[in-house]
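Working notes, structure below.
We did not get these values from a lab; they are worked out from the coordinates using the rules stated. Bear in mind that the values here come from a model prediction, so they are computed numbers and not experimental data. All Cβ positions, even for glycine, are placed from backbone atoms using ideal geometry, and neighbour counts span all protein chains on display.
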Amino acid sequence: MLPKITAVLISFLTFSQHVSAERYSSETLFAKGAWGVELTHDTQDGQLWCAARTTNGQNQTFSLTAYDSGNLTLFVFDHRWSLSPRPVRFLIDIDYSRWTMDGSAKDFGVSLQMTDNQKSVEFLKQLQRGNAVAVLNDAERRLATFSLSGSFAAILSLFECWDAIDISDPFTDQQDPFGASTDPFN
């Protein structure tokens, strides 16, 4: 599937360069069950990101967004919210498993940059295998519930898209990933 995403990415970027009237240009890559995956290009600064998301009946959105810089962020949006910018603790229940999230609030959403790889992998596995995800405030009041129907395939598609756009360099701290020398032939 990665070559297909790469082909879509190339044609998408070519098309986006000609459509400069809109700042953001998006292409749907995948849809199944309650979930979809989109590739978005910011035509002003060139940034790319892939987002796997679902929306419930109250028009609330649960999204996992992977950026070309290598960052992965969880977002929950509700346009009825009016949140002052601040750190915020919220809870995520995946079926019967609870996660405490220390993230940020602003305007109509909360977010969490997923930086702990081990916890992130376990969280994503639970999202893929679960039936429903609920978002609660730190007083345990339920704020939103989302279906996880289609989340398994959507998260796989998200990571394929992310692989295609990721410009981060995993070897930035190390010039030669196979040894201590900067010359691998020495």
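With respect to (1) under 12 Å from the mean Cα position of the chain (by Cα); (2) buried (at least 18 other Cβ atoms within 10 Å of the Cβ), the lone exception for Asn71 is condition (2).
For region 22-47, the set of residues classified as outside any strand (DSSP E or B) and buried (at least 16 other Cβ atoms within 10 Å of the Cβ) consists of Ala34, Thr43, listed by residue number.
Among the residues that make up region 136-149, is at least one of them within 23 Å of Tyr67 (Cα to Cα) and in a loop (DSSP other than H, G, I, E, B)? Among the residues of region 136-149, at least one is within 23 Å of Tyr67 (Cα to Cα) and in a loop (DSSP other than H, G, I, E, B), which makes the answer yes.
Residue by residue through region 105-115, note down the ones that are surrounded by 16 or more Cβ atoms within 10 Å (Cβ to Cβ), assigned to a strand (DSSP E or B) and not β-branched (Val, Ile, Thr).
Across region 105-115, the qualifying residues are Ala105, Gly109, Ser111, Leu112.
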